[in-house]
Every structure is written in structure tokens, then in C-alpha cells.
1. Run down the lysines and flag those whose C-alpha is under 18 Å from the C-alpha of K29, throwing out any fewer than 8 positions away in its chain.
2. Counting only DSSP beta bridges with both residues in the chain, tell me the antiparallel percent, nearest 5.
3. Using θ = phi - 60° and the Karplus relation 6.51 cos²θ - 1.76 cosθ + 1.60, list the HN-Hα couplings for the range 61-75 in order, rounded to whole Hz, with x at every Gly or Pro.
4. Amide H to amide H under 5 Å from L77: which residues, 5+ apart in sequence or cross-chain, H placed 1.01 Å off N in plane?
5. Consider the candidate values [x] -0.43, -0.73, -0.91; [y] -0.37, -0.67, -0.85; [z] -0.61, -0.88, -1.00; state which one is log10 I(q)/I(0) by the Debye sum over Cα atoms at q = 0.12, 0.16, 0.18 Å⁻¹ computed from the structure displayed.
6. Rounded to a whole number, what % of the accessible area of the chain do carbon and sulfur atoms account for, probe 1.4 Å?
Amino acid sequence: MSVLVILNEAPYGTERSYNGLRLALALLKRPDAGAVTVFLMADAVLSAKRGQNTPDGYYNIERMLRRVTAAKGAVKLCGTCMDARGLAGDELIEDAVRSNMDELASLTLSADKVVVF
């Protein structure tokens, strides 16, 4: 089974991206999960920015995304959304990949489940 998790919210300020990543990480722990892809759109593209510094005891979205890729999940970002926010590819965490709407359309059609946060 393949799951596509689409995040739209900024990494901090609300907990929508945090909760979407919690779900992605929980799915990746399951032996029957299959492929898990996290697609970042709109302000969520800032979630993949390298060098986030959060207070002790507070969740860190960068670390959560690194856990997704370490568990063989995929992290893809909307390139147009990156451009609109001045986010360059060399500012991203390792293994996060610039993508586009055509790829998102393909991922959506091929996914067994799509969850949007």
C-alpha cells in the first residue's frame, strides 16, 4: 500500500504539519505500510529548511523530516512554492527533493491513500 501525505501549513504556528509528520512516521513503523511520501506545498516547504533551531522540549520539524527519509520515506517539495518563498535547493535537508505539480498528480493517482493536512 502507498500513502501520500500532503502538508500545506507552515512548520510552526499551528500543529497541522507536526501532526501530518506524526502520522507519516507512525505509518513508516508498520511492516505493512508500503511506500510513504510526504509532499510539502505552500508554507509547508519551509519545513524542509536545514538548520532549524527550536527550544528544548519543543518539536523540531526538520528532525521529523529527517526521520521520514531515514525510514525510507520520500520528502518532495513544490518547486513553485519554493520559488515564491525564496527557498533554494541548497538550503534543504538532505534527501528532500524539489518536485512539481505533474509529479504530485502522478503520486496522487498512484497512491492507495491520500491524506491532506
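1. K72, K113
2. Working: 1 of 18 bridges.
For the chain, the DSSP antiparallel bridge percentage is about 5.
3. 5, 4, 4, 5, 5, 4, 5, 4, 5, 5, 8, 6, x, 10, 10
4. Under 5 Å from the amide H of L77: L40, V97, R98, S99.
5. [y]
6. Numbers: 3210 of 6270 Å².
Ligands and nucleic acids excluded, carbon and sulfur give 51 percent.
The values are calculated or read from the model by the stated rules, or taken from the named source; none is laboratory data. None of these values were measured; they are calculated from a predicted model. Ligands, DNA and RNA are excluded from the accessible area calculation, which covers all protein heavy atoms including side chains. Shrake-Rupley method; radii C 1.70, N 1.55, O 1.52, S 1.80 Å.
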